[in-house]
1. Can you tell me which residue among 327, 341 is closer than 30 Å to residue 115 by Cα, surrounded by fewer than 20 Cβ atoms within 10 Å (Cβ to Cβ), touching a helix residue (DSSP H, G or I) at 6+ places or on another chain (Cβ under 8 Å) and at pLDDT 85 or above?
2. Regarding the stretch 213-223, can at least one residue be identified that is within 27 Å of residue 131 (Cα to Cα) and either out of contact with any strand residue (DSSP E or B) (no Cβ under 8 Å at 6 or more places or on another chain) or touching a residue at least 40 places away in the same chain (Cβ under 8 Å) (or both)?
3. Please determine, by comparing only the residues of the stretch 86-107 that are part of a helix (DSSP H, G or I) and more than 21 Å from the chain's Cα centre (by Cα), which one is surrounded by the most Cβ atoms within 10 Å (Cβ to Cβ).
4. Evaluate the following for residue 144: is it within 23 Å of residue 176 (Cβ to Cβ), in contact (Cβ under 8 Å) with a residue 60 or more places away in the chain, buried (at least 24 other Cβ atoms within 10 Å of the Cβ) and touching a helix residue (DSSP H, G or I) at 6+ places or on another chain (Cβ under 8 Å)?
5. Being more than 20 Å from the chain's Cα centre (by Cα) and at pLDDT 90 or above is the requirement here; does residue 211 meet it?
6. Test residue 202 against the criterion of being farther than 27 Å from residue 113 by Cα, modelled with pLDDT under 85, buried (at least 22 other Cβ atoms within 10 Å of the Cβ) and within 18 Å of the chain's Cα centre (by Cα), and give yes or no.
7. Of the residues that make up the stretch 212-232, is at least one within 25 Å of residue 25 (Cβ to Cβ), touching a helix residue (DSSP H, G or I) at 6+ places or on another chain (Cβ under 7 Å) and surrounded by fewer than 22 Cβ atoms within 10 Å (Cβ to Cβ)?
8. Would you mention how many residues in the stretch 29-77 are farther than 19 Å from residue 198 by Cβ, assigned to a helix (DSSP H, G or I) and out of contact with any strand residue (DSSP E or B) (no Cβ under 6 Å at 6 or more places or on another chain)?
């Protein structure tokens, strides 16, 4: 562990990031633009990408997600996760934010902003129920959050996702609207679709990351693993992220560009959701004295959503051309740039409110930043 940074040193953190990390918003916006352009000028690319699926997700997108997740999970020090599990304040706060507060907030936003558009409203509620198990690891890493805590919270979200997603969908789409005298929505979520999504998009890279660290450290030691191997493996997380974004937006590019006003209507509650939930997570973490790394992890795991699962459930339940599916696709359209911006907000909050916090240990490339 490195020495604590002075406020001046902490303020230089973003400048010490690699070129790949520092210009991440540019690369992401370019990837989104490329995907939208592909979907618009190559009409057959969407059906082609969607023709072969894994867990109701396009196979090329599934490959991109696995490539994105594996390097991040290979960085986790799994022998240090036990200390995270014993942090009751972090565990309880995360569960309350993820499974009580955030879905209820999205339900309220969906009805406030889209009262007369039931398909989009349902899609938003589904997005709110799909807690993040993948891309949040990237944002957490870039913002210097606690990797071990992120791995534990993501694993807990995965278990809850399998056990609670269907029940919560039934509650928020049928039971609660009925109690409030609002319109109810039919819901037929596939338990297997949810389970397979979690097993594939978290289980495979988690197992691969654990085995890579265990075997690598045993064979060559931690210094070699973290000083030589991870810097070579690290950039593939962002390559996978950018590849996934291009394909994701190519899949629905024509739909998004053909309905710009609908996209704006869906985007407004999503924007409010991500910013407010992230802000609440940061505030609670500070009030509970969790420290910057775990506060940041709490905020990002609460604000992020599993858009892969939300899109898969929406398509599997309501169809690929449905309003619910469009709302699911608009999710990452808003989430990706907003959460990238919140990475910089977190780093700013770090030097303002946690000036004694340690400097960035590694960028997403795996290189040490001091």
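1. 341
2. Yes, there is a match, as at least one residue in the stretch 213-223 is within 27 Å of residue 131 (Cα to Cα) and either out of contact with any strand residue (DSSP E or B) (no Cβ under 8 Å at 6 or more places or on another chain) or touching a residue at least 40 places away in the same chain (Cβ under 8 Å) (or both).
3. Start the filter on the stretch 86-107 by keeping residues that are part of a helix (DSSP H, G or I), which leaves 88-107.
Among the residues that remain, those that are also more than 21 Å from the chain's Cα centre (by Cα) are: 88-89.
Numbers: 88: 8, 89: 14.
Selected residue: 89.
4. It is false that residue 144 is within 23 Å of residue 176 (Cβ to Cβ), in contact (Cβ under 8 Å) with a residue 60 or more places away in the chain, buried (at least 24 other Cβ atoms within 10 Å of the Cβ) and touching a helix residue (DSSP H, G or I) at 6+ places or on another chain (Cβ under 8 Å).
5. yes
6. Yes: the conditions hold for residue 202.
7. Residues of the stretch 212-232 that are within 25 Å of residue 25 (Cβ to Cβ), as a first pass: 230-232.
Restricting the remaining residues to those that are touching a helix residue (DSSP H, G or I) at 6+ places or on another chain (Cβ under 7 Å) gives 230.
Subsequent filtering for residues that are surrounded by fewer than 22 Cβ atoms within 10 Å (Cβ to Cβ) retains 230.
Within the stretch 212-232 (the criterion being within 25 Å of residue 25 (Cβ to Cβ), touching a helix residue (DSSP H, G or I) at 6+ places or on another chain (Cβ under 7 Å) and surrounded by fewer than 22 Cβ atoms within 10 Å (Cβ to Cβ)), the answer is yes, since at least one residue qualifies.
8. Qualifying residue count, the stretch 29-77: 21.
The values are calculated or read from the model by the stated rules, or taken from the named source; none is laboratory data. This structure is a prediction, so every number in the text was calculated from the model and none was measured. Cβ sites come from the backbone with ideal geometry, for glycine too, and all protein chains shown count toward neighbours.
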